[in-house]
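Participant: After the structure tokens below, expect a handful of questions from me.
The values are calculated or read from the model by the stated rules, or taken from the named source; none is laboratory data. Predicted, not measured: the structure shown is a model, and the values here were computed from it. Heads up, the Cβs are rebuilt from the backbone with ideal geometry, glycines too, and the neighbour counts pull from every protein chain shown. Just the protein is used for accessible areas: all its heavy atoms, side chains included, with ligands, DNA and RNA removed. Shrake-Rupley method; radii C 1.70, N 1.55, O 1.52, S 1.80 Å.
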Amino acid sequence: MRNETTQLRRGLNARHIRFMALGSAIGTGLFYGSAGAIQLAGPAVLLAYLVGGAAVFMVMRALGEMAVHQPVSGSFGHYASHYLGPLAGFLTGWTYTFEMVIVALADVTAFGIYMGLWFPDVAQWVWVLSIILFIGALNLCSVKVFGELEFWLSLVKVAAIVAMIVGGAAVMLFGFGQTQHATGISNLWQHGGFMPNGFGGVVASLAVVMFAFGGIEIIGITASEAKDPAKVLPKAINAVPVRILLFYVLTLTVLMAIYPWNSIGQNGSPFVEIFSNLGISSAANVLNVVVITAAISAINSDIFGAGRMMYGMAQDGQAPRSFTKLTASGVPWMTVLVMSVALLLAVVLNYLIPEKVFMIIASIATFATVWVWLMILLSQIVMRRTLSPEETRQLSFPVPWWPVAPALATAFMAFVIGLLGYFEESRIALYVGLVWIALLTVAYWLWVRKKGGGSPVSAATQQM
């Protein structure tokens, strides 16, 4: 048995978990990265979000089936170890940590860009450094305080998205703030058609779209700190993917209806840019507050998710044992420190290449995100095949449309990874991702395997 200094606290309720997932997935990908996806696909980017959202929903249901069946720290890293082998678990856990680092790099970069609206003369890297220090300190609070703060930060984003949809509809209906551009649903097909860049443009946008959904898998990470996993997780998983899909599709529909899609650039958040160009300066300032809140919320969730994954891997012998050290309030402080130090890379990148850093980071994050989702799906498929018919009937949160839906989602994730290598702009992401997997494999055989680490059993038994 472990004593209190090495035991995570169960301080997260359904409200915290639901909004943590929203906070992680509704952030930079929507408020900033969506501009890149729109430029690639035009209004047809809505189709990419629908297809990508459906695939992500299947990932979440697969994760939910395993998390309710066996709620442990390390979540899908542990499941990959148990069902696909210790090497797969090692690759999955560290790639998720890599994903969170890269996504957080994108988020802190976006924060620096947003602050540029108000302080154009201040170097971007200054804001990046300040937010890293602030969020690092915030994550040392107890998990209950963290969950409560994340709830309110995410609530601001959700309220802003609803206001954006309502406000955009008012602009279209009453013409408020219009300048030289006509507004209305007709903007979705009047500027080169609904699919101006063809089907290839929709396919090309998938890399950016999948990056936007990244982070939602944090629901699985919360299982070991949820007060009632069997009750809380199914509700959160069933609610969040549908809400995210609605928020993305409805918001982007309004966005492209009130301003021509081919005029949406990447000089800051497209939401702020649109309202500024429509002459609604006060709304632009309010929205900038919102997107800054969104970035802070996403960074917060990124550090939380990576820290808890490293904690679980350390229990399995797949990460340094020091990662299990907790504060008196049950927070793995060493992992928070490691994440904060890793994010200092963003300061360097924003100093050297402030114009190019976001899209490079986003494409690399897409590889890591989709790899983790692929491992989740494969773990669930193997788990289901190891269960007897009686055990399958006793699953309290089974995957729907088994086995067709998980198989289709798995094929889709493999297709997205292939896309990264097909397009020149994202090819570097595939190269970086493959090198990362190769280095992890070597590290596993040199250090973890030789020391006898990677047992998928220890974490599960310690959580009982």
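Participant: Provide L395, L439 ordered by accessible surface of protein heavy atoms (probe 1.4 Å), highest first.
Facilitator: Result of the area sort, largest leading: L439, L395.
Participant: Quickly work out the T386-to-L352 label distance, labels modelled 7 Å from Cα along the C-beta direction, and quote it in nm with one decimal.
Facilitator: Taking the two extended label points, one gets 4.2 nm.
Participant: Using label points projected 7 Å from each Cα along Cα→Cβ, tell me how many nm separate K231 and L140, to one decimal.
Facilitator: Distance between the two pseudo-spin positions: 3.5 nm.
Participant: Follow-up question, since we're still on this one. Give me the extension gain from R321 to L133: residue separation times 0.36 nm, minus the current Cα-Cα distance, reported in nm with one decimal.
Facilitator: My answer for the length gained is 65.2 nm.
Participant: Order R243, R308, R385 by their accessible area, 1.4 angstrom probe, all chains in place, largest first.
Facilitator: R385, R243, R308
Participant: When 1/r is averaged over all different Cα pairs and the result inverted, which Kirkwood radius in Å belongs to the range 58-204?
Facilitator: Taking every pair of different Cα atoms in the range 58-204, averaging 1/r and inverting gives 20.4 Å.
Participant: Now for a different question. What are the ³J(HN,Hα) couplings of the range 411-422, residue after residue, when phi is run through the Karplus curve with 6.51, -1.76, 1.60 and θ = phi - 60°? Round to Hz, x for glycine and proline.
Facilitator: Running phi through 6.51 cos²θ - 1.76 cosθ + 1.60 with θ = phi - 60° gives 4, 5, 5, 5, 5, 5, 4, x, 4, 4, x, 6 Hz.
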